[in-house]
1. Along the Cα→Cβ direction, 7 angstrom out, place labels at E82 and M375. What is the inter-label distance in nm?
2. Any chance you could run the full-extension gain for D389 through E331? It's 0.36 nm times the residue separation minus the Cα-Cα distance, nm to one decimal.
3. Give, in nm to one decimal, the length gained when the segment between K318 and K229 is fully stretched (0.36 nm per residue of separation minus the Cα-Cα distance).
4. Once label points are set 7 Å from the Cα along Cα→Cβ at both K194 and F360, what is their separation, rounded to one decimal in nm?
5. Among S327, S268, S121, what is the fewest-to-most ranking by other Cβ atoms within 10 Å?
6. Would you mind classifying region 260-375 by shape? Square roots of the alpha carbon gyration tensor eigenvalues, ordered a ≥ b ≥ c; an a/c under 1.5 is rounded, otherwise it is prolate if a/b is larger than b/c and oblate if not.
7. Out of residues 5 or more away from V233 or on other chains, whose amide H comes under 5 Å of its own, with H placed 1.01 Å from N in the peptide plane?
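Bear in mind that the values in this text are calculations on the coordinates, not laboratory data. Since the structure is predicted, the reported quantities are computational estimates derived from the model, not experimental observations. All Cβ positions, glycine included, derive from the backbone under ideal geometry; neighbour counts span all protein chains shown.
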Amino acid sequence: MKTLVHYALLLALAMNNLGAAGCDTAKTRQLLPADTSTKNIIVGADRPDQYVPLLQGKRVALLSNHSGLVADGRHVLDLMLEKGINVTTIFSPEHGFRGNADAGQHVASGVDEKTGIPIASLYDGKSPRPGEETMRRFDVIVVDIQDVGLRFYTYYVTMLRLMEAAAQHHKEFVVLDRPNPNGMTVDGPILDMKLKSGVGALPIPTVHGMTLGELARMIVGEGWLLDGKQLDVKVITCLNYTHNDRYTLPVPPSPNLPNMTAIYLYPSLCYFEGTPVSLGRGTDWPFQVYGHPEMTEQPFSFTPMSRPGAKNPPQLGKLCHGKDLTSLDHEKIIANGINLEYVIDAYNNLDLGEKFFTPFFDKLMGRSDIRQMIMEGKAAAQIKATWSDDVARFKEQRRRYLLYPE
């Protein structure tokens, strides 16, 4: 079993392989030991024999972050350079190339200290697509980043914008695929595109159950690129992966998803971002607890504090009362899918009515009628039933784009 020390060494190795002499990272908790399926899975980045021939003699731009690791702990950038690939540009997503910036925090462009390669931030608050000068630096874009399969998790949005830029400028596009840790689940309403935003860019369910490679294929196949443009996407697939596997991530994909409990609860707890309720940012248990200073008769309490990855969390410095979900069984969390009981519980306890919700809640939910259902007292199961047709329709729609058995 991995100890917390071993896990910290893994994370430090990932950061060092990005060329940083020393990076602040959010305080993390132990990830679960890898199960049999995880040990057998080979990610796309670990198949250089498949993608190096596609990249030789070309100028390459790499979209990645600290999660772009191969089996020996090195970063895919180091592997590419070792194989003689001419990487001329690094693209960084939300949280930055080193993965330690706060959620929503703008990240500046810069230069990788180890390699001297320019880093072009796609989350700098200016434009989600690279400019003309940057696009002239390369011939092909390679994506290698660990996603978690949620419509409001922004890595796929960054990939989408790069795909649009690649189509516009006639660049090649390659995805080094990685398993989706929530790939066994499809749940939630399909996004009402009137609510399109930085946390929802495609007409897909909240939990889409696809890898980034599969989603890239669907984006092209369904005509979702800007102006309906086409793009030849090549996917270097994972080996020995199925959508039903329980894939344990070797490092956190972002600062506030420190372990598999958080990753499995993320589809249910992220809605608190559109309410006054804390979901544990600024504690040791982000996305594993929830609470508020005025929630009464609760068995658990915590105080969010400023820390790397959560510099100004909701309810900063205030004693919150709420629920501790850290010990929930993973299989039960997975079986429940999106569980609105937590949001309903907090709504009923605080008794704020409409003031409980912000406009961001609707963007996360993907529909504007769910808040009204909660205020009317509908049960979580009743609300969930309203998107069952969406789930069935999407499963059929995505079928021809899947690369792995369901």
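1. Output for this residue pair reads 5.8 nm.
2. 18.5 nm
3. 27.1 nm
4. 2.3
5. The most exposed by this proxy come first: S327, S121, S268.
6. rounded
7. Amide H neighbours of V233: none.
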